[in-house]
Amino acid sequence: MAGITHRDRGLRVHRWLGLVSGLFAVALALSGVILACAPLIERIAAPDRYRISGETRIAAQAYSDAASRRLRPGERIATLALGEGSAPVAVTLDRVGDRAQRQLFLDPPTAHILASGWRDGGVIGALRRLHDGLFLAGAGRWIVGIAGIAIVLTGLSGFWAALPRKRPARRPARRGDAVRAWHRGIGFWSAVPVLAMTVSGIALALSDTATAPRPAPPVARPALPVARVVASAQRWSRGSLLAIDWPTERSADWTLYFAGSAPGIVKVADDSVGAVAAPGHAAPVMLSWARRLHDGRAMSWAGRALAVLVGLLALGTAATGLIAWTRRPKVRPARR
């Protein structure tokens with residue numbers, strides 16, 4: 001067909017790929033924007049968790065003891081996150097029967113219990129499960145990864161079709177021209193950041209760590225007290241303590257996370273009674289940066305604002321593309 005150009009074929013590929021991946025793009029972009037705003041939303045929706053009396057952190061043992069006094073039947077302490085700044089200290093409790101997890105929020109200077117709630121519960125939890133795996137766990141992550149690849153191909157084909165070319169002759173206005181103009185403008189100027197965000201999401205969805213099985217239940221009564229574990233780990237790292245993972249029924253090691261000094265992860269053996277610390281294995285560097293880029297933590301608060309902006313641009317591009325698809329003109333017929 002002599003009249004069909006490469007650009008016409010590219011537009012056909014772009015339209016059909018856009019139709020297939022458009023609904024996924026809308027769902028993932030919208031849920032991603034809301035999740036990027038989750039810290040602000042949680043402060044508004046659950047203000048009791050953030051009514052702290054100061055930002056000074058005390059010994060981790062005090063938070064562990066306070067949480068132990070609030071354990072319900074069948075619950076065990078799984079993790080302790082000290083938080084930073086105006087964030088409360090969070091203790092995650094794992095229930096052995098159904099593996100449901102409850103969180104306690106503590107006042108940093110006093111270890112007083114501020115509030116409690118289910119982890120990943122409510123609307124934010126549902127959106128997180130939608131964004132991570134379309135409510136389908138491991139299989140959903142593969143679907144999200146494949147949909148991300150389709151979104152990248154759609155963006156590349158659309159970017160190529162929108163490159164400057166010889167201006168065509170003026171023609172009468174057609175139905176949907178305004179929507180197509182918005183779609184081309186938003187898509188062309190936001191192509192690079194949207195594609196970077198999508199590629200980082202694909203890496204996270206298809207990584208081995210994303211499909212790793214859920215950790216084993218934490219042990220009921222560790223052999224070592226938290227104070228001794230922290231003292232042993234601090235012989236290896238001079239950084240500030242961020243979080244502690246309790247030993248589990250599969251691994252009798254405490255895992256402590258530090259910031260500001262290497263090593264960032266330290267393991268302390270619990271089954272030997274005498275504490276033996278050893279550097280832990282961190283996540284792959286590229287995967288860690290992909291996670292920080294995708295959730296906006298790479299640039300502090302400005303990164304979250306940028307993630308929200310990129311998500312809104314992706315949402316606008318996908319929505320206008322779907323609307324334009326319903327009002328699409330036919331590809332120029334071949335010349336005889």
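Within segment 84-124, take every residue that is among the basic types (Lys, Arg) and open to solvent by less than 60 Å² (accessible area, probe 1.4 Å) and give me the one that is farthest from residue 37 (Cα to Cα).
Within segment 84-124, the match that is farthest from residue 37 (Cα to Cα) is 99.
The rows are residues; the columns are (1) modelled with pLDDT of 85 or more; (2) in a helix (DSSP H, G or I).
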position	(1), (2)
166	no, no
172	no, no
175	no, no
179	no, yes
187	no, yes
221	yes, no
Out of everything in segment 232-252 that is open to solvent by less than 50 Å² (accessible area, probe 1.4 Å) and not in a loop (DSSP other than H, G, I, E, B), what residue ends up being farthest from residue 60 (Cα to Cα)? 248
Taking the criterion of being under 20 Å from the mean Cα position of the chain (by Cα) and surrounded by 20 or more Cβ atoms within 10 Å (Cβ to Cβ), would at least one residue in segment 204-226 satisfy it? yes
For residues that are under 15 Å from residue 104 (Cβ atoms), not aromatic (Phe, Trp, Tyr) and not in a loop (DSSP other than H, G, I, E, B), tally how many sit in segment 43-56. 2
Is there any pair with a first residue in segment 293-313 that is within 11 Å of residue 194 (Cα to Cα) and a second that is at pLDDT 65 or above and acidic (Asp, Glu) whose Cβ atoms are under 9 Å apart and which are 6 or more apart or on different chains, and what are they? 307/295
Mind listing just one residue for me: the one in segment 57-83 that is in a loop (DSSP other than H, G, I, E, B) and of a type outside the set (Gly, Ala, Ser) and, of those, least open to solvent (accessible area, probe 1.4 Å)? 82
Has segment 4-20 got any residue that is touching a residue at least 24 places away in the same chain (Cβ under 8 Å), within 28 Å of residue 245 (Cβ to Cβ) and in contact with a Phe, Trp or Tyr (Cβ under 6 Å, 6 or more places away or on another chain)? no
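A quick yes/no check of all residues on (1) in contact with a Lys or Arg (Cβ under 6 Å, 6 or more places away or on another chain); (2) touching a residue at least 60 places away in the same chain (Cβ under 8 Å):
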residue	(1), (2)
42	no, yes
78	no, yes
101	yes, no
110	no, no
If you scan segment 305-327, which residues turn out to be farther than 19 Å from residue 294 by Cβ, open to solvent by 30 Å² or more (accessible area, probe 1.4 Å) and assigned to a helix (DSSP H, G or I)? 319, 322, 323, 325, 326
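When the residues of segment 1-22 are filtered to those that are small (Gly, Ala, Ser) and modelled with pLDDT under 70, which remaining residue is most open to solvent (accessible area, probe 1.4 Å)?
2
The values are calculated or read from the model by the stated rules, or taken from the named source; none is laboratory data. Here the structure is a predicted model, which means the values were calculated and not measured. Cβ coordinates were reconstructed from backbone atoms using ideal geometry, including for glycine residues, and neighbour counts include every protein chain displayed. Ligands, DNA and RNA are stripped out before the accessible areas are found, and what is left, the full protein with its side chains, is counted by its heavy atoms. Shrake-Rupley method; radii C 1.70, N 1.55, O 1.52, S 1.80 Å.
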